[in-house]
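Comments concern the structure below.
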Amino acid sequence: MNPSRELTLQAPRTGPWIIGYAAAIGALFAGVVNGIVTSPASAAPFWAVIIGCTVMILYTSWKRHRLLGTLSAAVRSFWRRIVPSAAFMFGGYCAFAAGQGLGADRPVLVALSLLPILGFAGMVWAIHQYTRDESDEYLRSLAVRQLLVASFVTLTGSLAWWALEQGGVTSGSNISFVVLLWFAGLGAGRVVVETRP
């Protein structure tokens, strides 16, 4: 086996942590929708898993880049963009939840509801900028392959849900679940890239 390929296969993997992150957020949303999560205390276990997965994504990704020698200027710029965007998205969700809990006025809630969207847009922008900034064509192709898998999972999952809803199997669709599908697709894409470099 090619030594570089063997090294790549032995490097720490971030994909499972991304999938765990998406699954934890999905479970939290499902708990809220079904009335299981009704207070910050009942949401705390979900947030513990979400934060734990986020820390492991950062740790394993950084360790993987150092081991493979791919800690380029583009990667460093990516982390400088993605981490604040993710923190802003989390903070936006927390601010919106606090506003709901405190009974804020409708205009305030509308403004707070836009904060997570801005954070998510920042994350997508950071990924886009990485694919533009990365000078190594191989690494760029891996990033694009991961994004294609995420797009496939998101579009297929959304259309499948719509078809089930039209058939009366499911009801009460929530557009925010598309974001969860996209994150899960990024995790699946990362697994594909890490197992078949």
Checklist entry - Are there any pairs with C-beta distances below 9 angstrom linking a residue in segment 159-181 that is under 29 Å from Trp17 (Cα atoms) and among the basic types (Lys, Arg) to a residue that is at pLDDT below 75 and outside any loop (DSSP other than H, G, I, E, B), with the two at least 6 apart or on different chains, and if so which? => result none
Item to check | Which listed residue, of Val144, Val124, Val192, is under 19 Å from Gly20 (Cα atoms) and open to solvent by 30 Å² or more (accessible area, probe 1.4 Å) | outcome: Val192
Item to check | Lone qualifier among Ala121, Ala41, Ala48, Ala87 - being over 19 Å from the mean Cα position of the chain (by Cα), among the aliphatic types (A, V, I, L, M) and either modelled with pLDDT of 80 or more or in a helix (DSSP H, G or I) (or both) | outcome: Ala41
Next on the checklist: Of the conditions (1) in a helix (DSSP H, G or I); (2) modelled with pLDDT under 85, Ala104 satisfies every one except a single condition; which number is it?
Outcome noted: (1)
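If you go through segment 129-140 one residue at a time, do you hit one that is open to solvent by less than 50 Å² (accessible area, probe 1.4 Å), of a type in the set (S, T, N, Q), in a helix (DSSP H, G or I) and under 18 Å from Leu186 (Cβ atoms)?
So the first thing to find is which residues in segment 129-140 are open to solvent by less than 50 Å² (accessible area, probe 1.4 Å), and the list is 129-131, 134, 139.
Pick out the ones that are also of a type in the set (S, T, N, Q) and you get 129, 131.
The next check asks that each one be in a helix (DSSP H, G or I); those that pass are 129, 131.
Then drop every residue that is not under 18 Å from Leu186 (Cβ atoms), which leaves 129, 131.
Yes - at least one qualifying residue is present in segment 129-140.
Working carefully through the options Phe90, Phe152, Phe78, Phe183, find the one that is aromatic (Phe, Trp, Tyr), open to solvent by less than 50 Å² (accessible area, probe 1.4 Å) and touching a Gly at 6+ places or on another chain (Cβ under 8 Å). Break it down stepwise before answering.
Numbers: Phe152 fails: open to solvent by less than 50 Å² (accessible area, probe 1.4 Å); Phe78 fails: touching a Gly at 6+ places or on another chain (Cβ under 8 Å); Phe183 fails: touching a Gly at 6+ places or on another chain (Cβ under 8 Å).
Phe90 is the lone residue from the list that is aromatic (Phe, Trp, Tyr), open to solvent by less than 50 Å² (accessible area, probe 1.4 Å) and touching a Gly at 6+ places or on another chain (Cβ under 8 Å).
Out of Val178, Val108, Val169, which single residue is among the aliphatic types (A, V, I, L, M), touching a Ser or Thr at 6+ places or on another chain (Cβ under 8 Å) and open to solvent by 40 Å² or more (accessible area, probe 1.4 Å)?
Within the list Val178, Val108, Val169, the selection yields Val178.
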Item to check | Qualifying positions in segment 33-75 - farther than 30 Å from Ala143 by Cα and surrounded by fewer than 15 Cβ atoms within 10 Å (Cβ to Cβ) | outcome: Val33, Asn34, Gly35, Ile36, Thr38, Ser39, Pro40, Ala41, Ser42, Ala44, Pro45
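For segment 13-29, enumerate the residues that are aliphatic (A, V, I, L, M) and open to solvent by 40 Å² or more (accessible area, probe 1.4 Å). Can you show your working first?
Filtering segment 13-29 down to residues aliphatic (A, V, I, L, M) leaves 18-19, 22-25, 27-28.
Matches in segment 13-29: Ile19, Ala23, Ala27.
The values are calculated or read from the model by the stated rules, or taken from the named source; none is laboratory data. Model, not experiment: these values are computed from the prediction. All Cβ positions, glycine included, derive from the backbone under ideal geometry; neighbour counts span all protein chains shown. Calculation scope for accessible area: heavy atoms of the full protein, side chains included, ligands and nucleic acids excluded. Shrake-Rupley method; radii C 1.70, N 1.55, O 1.52, S 1.80 Å.
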